[in-house]
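The structure under discussion appears below in the form of structure tokens.
Here, each number is a calculation from the coordinates, and none is a lab measurement. Computed from a predicted model, the values in this text were never measured in an experiment. Cβ coordinates were reconstructed from backbone atoms using ideal geometry, including for glycine residues, and neighbour counts include every protein chain displayed.
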Amino acid sequence: MVITDKLARADVFRTRLLAQMAANGVNRSALARAVGADRSTIAQMLAEGTARLPNAHLAAECASALGVSSDWLLGLTDRPERPGDVLAAAMTVTEAARSSADAQLHEWHREAAGAKIRHVPATLPDVLKTEQMMSWEYNRALGRTAEQAIGASQDRLTLLGEEMSDYEIAVSIGELRAFAAGEGYYRGLDASVRRAQIDSMIRATSEHFPSLRLYLYDARRVFSAPVSVFGRFLGVVYVGRFYLAFRSRDRVRSLTEHFDGLIREAEIDAREVPGWLETLADEIPRA
């Protein structure tokens, strides 16, 4: 049994080593030079039907030369990445643009087509913003690219209309009250733009329900930084200039649980949002 196990392990090592050599375009002579071994030593490791395995040092050198982990070469794991590469793949830092026109953000939405998207925006949800709102918000920072932000937002709303995406959004009640009053971040925004924005949100949350579900939570009870969860495979935290993107299953699950907690604690359920927004709209002076 011991011999059989050793033969199986040697076969796995030989198969994976040959495959990685082929993928990297490395022949036996080049590998021997890279690891500081004789060509005959490499030949013995690659000989079929033998139970020869390298020592720990040689296995590590082969793995390093080929950009994989020694555990993978030896059949101890199914992941070829080295430990540092696994960590880098699990969490990446990506530069963030100022608007929803960001190419990276657009790519993530496209990647998640057909899956549920959970979203806590930094201000109002871009997917629900009017053209006037986006022009006011982005023109100063982005110049002409406000038009791109508008186009990107409309594309996502189209996906909702075609029921190609399932969108859950959680927004702070205080954020919406500040918006309606034109306070804080929204100081200087004309009342007519604010009124039109709320009216647009009323239509969208009515027409696109249940594909689009907007929940309102009280930030005095629960708090959330801007975060998006794309299906089960990607969670993104927005910190301003950068996105922190997580693909680790555990991290994505944690962010999903955080979002679901906001939904459970929501003061206003998605079914009640249109009526609540109508009441909020009445607080905004008409032109």
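A compact table of results
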| read-out | value |
| --- | --- |
| Under Karplus coefficients 6.51, -1.76 and 1.60, residue-wise ³J(HN,Hα) of region 210-219 in Hz, glycine/proline x | x, 4, 10, 10, 9, 10, 10, 10, 9, 5 |
| Exposure proxy order (Cβ contacts within 10 Å, fewest to most) of Asp250, Asp260 | Asp250, Asp260 |
| Paramagnetic reach from Arg28 in region 45-72 [backbone N under 12 Å; point 7 Å along Cα→Cβ] | 45-48 |
| Integer Hz, Karplus 6.51/-1.76/1.60 couplings in order for region 262-271, x for Gly and Pro | 4, 5, 5, 8, 4, 6, 10, 6, 4, 5 |
| Region 30-70: C-alpha gyration tensor shape, a/c 1.5 cut-off, then a/b vs b/c | oblate |
| Taking N as its residue count, the alpha carbon Rg of region 218-264 over 2.2 N^0.38 Å | 1.15 |
| Amide H contacts of Tyr215 (H built 1.01 Å from N, under 5 Å, at least 5 apart or other chain) | Ile169, Ala170, Val171 |
